Amino acid sequence: MRIAIFLVALSLGCFLSLSAAPVKTGFGEVDISPDIGMERPGGYGKGFHQKFHDPCKARAVVFDDGEKPVALVGLDALIIVRPHVDEVRKRVSEKTDIPPEAIMIGASHSHSSGPTGMIQPGELDHADELVQDLGYNQSSTADPVYVERMIDGISRAIIHAWETRSDLALGFDRGEESSVSFNRRWRMKNGLTFTHPRFGNPDAVETAGPIDPEVGVIAAWDEEGDLIGCVVNFACHATASPPGISANWPWAMEKVIRGSFGDDVVVVFLNGNSGDVTQVDNASPYVRVGGEPDAMKVGGTVGAEVVKVILGINPTARSNEATLDHRQKFLKIPRRKPSPERLAKCLEMVKEKPAEAKALNEWVWAKEIVILDAMIQKEPVRNVEVQAIQIGPAVFISNPAEYFCEFGLQQKEGSKFPYTWPVSLANDCVGYVPTTEALGPNGGGYETRLTAYSNLVPEAGDQIRDAGIEIANSMTPDTPPEPTPAGEFSAGWRYGDVPPELD
């Protein structure tokens with residue numbers, strides 16, 4: 001029967017793999033906005049939300065072929081940690097046929113979202129009173145009330161997507177947007193690499209890394225041809241923050257897509273490898289405008305490209321058949337350790353919080369080293385999940401990090417899939433994972449700082465990259481559907497085959 005289906009597809013120009021099967025697709029979204037007064041994440045100290053701009057959401061899509069259902073979740077959050085992912089997977093597997101290992105949850109890294117980190121409740125209970133005070137009272141911390149709201153929201157979004165799945169036609173394509181994302185790391189005349197040297201810096205030589213301009217899209221239409229939802233992959237820090245609680249620039253992306261296709265379209269955004277990529281152009285000679293205009297520029301521009309991609313998918317290249325598959329691999333990766341001398345110096349420094357801003361800056365990094373030492377005592381080696389989920393000709397490769405862009409480009413080059421879309425900060429958070437070069441003699445910059453948030457050994461990035469390529473290439477991609485051929489020439493348009501008429 002499969003062979004017959006394949007031959008029919010060939011005659012129509014829709015070249016699917018022999019393993020492709022009919023797929024039911026469903027979408028769901030749940031508002032998980034934090035309350036006014038809850039912590040605002042994204043820094044090394046405490047900040048609090050004072051106003052509301054737009055809702056933060058959990059958006060999910062489920063693909064089900066009757067044998068290997070999979071789910072993708074785009075989460076408006078700074079991070080999500082492994083225990084919270086495990087709880088979501090448990091709740092969803094109890095209510096659906098989706099196995100836990102087939103669920104991928106990617107945080108957008110919105111710096112204007114709810115309190116999901118950096119320090120987790122109970123994480124430092126094993127440490128002494130000084131360390132607990134530094135972590136729970138002097139650092140950004142997750143809120144247990146909000147964490148439950150988030151876990152419940154993600155679970156309900158996936159379950160709703162499962163319960164509403166139907167025969168939607170799928171289309172795959174990519175676009176390109178290179179005007180709103182920039183690598184923030186620059187090589188300097190002193191041989192090191194700095195983060196955000198700012199325009200006009202006489203010591204800045206050139207950018208130290210690439211961007212990834214690819215805009216990956218999976219679109220899903222109903223029988224009437226109405227767009228029901230889409231999955232979008234693009235690499236850029238979500239730091240173009242509107243004032244107040246917000247999904248950040250993905251808010252504007254959704255606004256543009258819904259403005260074109262309808263207010264009920266669900267936009268599942270999965271951030272690519274943007275650990276060193278933001279919306280800030282350090283080469284621009286103009287004053288940077290932040291806040292809502294910045295978010296609108298980034299999200300609106302990316303959203304416009306998504307609209308172009310969706311409109312460019314020929315209706316005859318859409319199909320409800322696709323191969324679904326998933327793989328996981330776990331890596332044991334050690335943390336970097338501060339030297340005994342540095343730890344002793346930092347311990348002495350944090351015993352009294354300074355009043356001067358300059359000294360406070362050094363105090364913050366000393367605080368991070370002391371907290372990191374306590375974390376190493378409890379967990380010297382991180383258990384790092386790398387996951388790959390296949391939908392037809394596309395594969396999504398996860399990493400639990402603010403992963404450098406270069407790694408994503410290398411995964412795309414090493415993958416045999418027509419569409420390879422990395423997903424950062426997925427299924428856990430291990431902080432920044434720079435390249436070995438960035439952690440070498442000519443490296444440096446903010447992302448390489450040793451902190452409680454970011455501390456894996458220099459080889460971590462290569463290990464995660466290689467594991468992602470390996471598990472992706474263990475699956476067999478579908479060939480992307482192609483539009484129906486026009487057929488052999490028979491005749492031109494009769495109204496148009498005339499010479500010029502002058503009288």
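The values are calculated or read from the model by the stated rules, or taken from the named source; none is laboratory data. Please read these numbers as outputs of a predicted model, since none were measured by experiment. We place every Cβ from the backbone using ideal geometry, glycine too, and count neighbours over all the protein chains shown.
Condition check ((1) in contact with a strand residue (DSSP E or B) (Cβ under 6 Å, 6 or more places away or on another chain); (2) modelled with pLDDT under 95; (3) within 30 Å of Gly440 (Cβ to Cβ)) across all residues:
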position: Arg174; (1), (2), (3): yes, no, no
position: Asp203; (1), (2), (3): yes, no, yes
position: Asp226; (1), (2), (3): no, no, no
position: Ala238; (1), (2), (3): no, no, yes
Subject >> Hey, Pro422 in contact with a strand residue (DSSP E or B) (Cβ under 8 Å, 6 or more places away or on another chain) and either part of a strand (DSSP E or B) or modelled with pLDDT under 95 (or both) or not >> reply: yes
Original post:
Any residue in region 40-56 that is farther than 24 Å from Asn271 by Cβ, out of contact with any helix residue (DSSP H, G or I) (no Cβ under 9 Å at 6 or more places or on another chain), in the same structural domain as Ala142 (by TED's automatic domain parsing) and touching a residue at least 12 places away in the same chain (Cβ under 8 Å)?
Top reply: yes
Original post:
Only one residue in Asp503, Asp478 is crowded, with 17+ Cβ neighbours inside 10 Å, at negative phi and part of a loop (DSSP other than H, G, I, E, B), so which one is that?
Top reply: Asp478
Original post:
So which of Val217, Val180 is in contact (Cβ under 8 Å) with a residue 60 or more places away in the chain, assigned to a loop (DSSP other than H, G, I, E, B) and under 24 Å from Ser113 (Cβ atoms)?
Top reply: Val180
Subject >> Output for region 350-363, where each listed residue is hydrophobic (A, V, I, L, M, F, W, C) and either surrounded by fewer than 17 Cβ atoms within 10 Å (Cβ to Cβ) or at pLDDT below 95 (or both) >> reply: Ala355, Ala357, Ala359, Leu360
Original post:
With respect to Ser246, is the statement that it is polar (S, T, N, Q) and at pLDDT 95 or above true?
Top reply: yes
Original post:
Among the residues of region 135-169, which ones are hydrophobic (A, V, I, L, M, F, W, C), more than 21 Å from Gly66 (Cα to Cα) and touching a strand residue (DSSP E or B) at 6+ places or on another chain (Cβ under 9 Å)?
Top reply: Ala142, Val147, Met150, Ile154
**OP:** Please indicate, with yes or no, whether at least one residue in region 77-86 is under 23 Å from Ser139 (Cβ atoms), in a helix (DSSP H, G or I) and touching a helix residue (DSSP H, G or I) at 6+ places or on another chain (Cβ under 7 Å).
**Re:** yes
Original post:
Is it true that some residue in region 271-286 is within 25 Å of Ser113 (Cα to Cα) and over 19 Å from the mean Cα position of the chain (by Cα)?
Top reply: yes
**OP:** Report, by residue number, each residue of region 143-190 that is more than 30 Å from Lys297 (Cα to Cα) and of a type in the set (Gly, Ala, Ser).
**Re:** Ser155, Ala161, Ser166, Ala169
Original post:
Is it the case that Arg174 is assigned to a strand (DSSP E or B), in contact (Cβ under 8 Å) with a residue 40 or more places away in the chain and over 22 Å from Ser284 (Cα atoms)?
Top reply: yes
**OP:** From Arg288, Arg327, grab the single residue that is free of Cβ contacts under 8 Å to residues at least 40 places away in the same chain, under 29 Å from Ser454 (Cα atoms) and outside any helix (DSSP H, G or I).
**Re:** Arg288
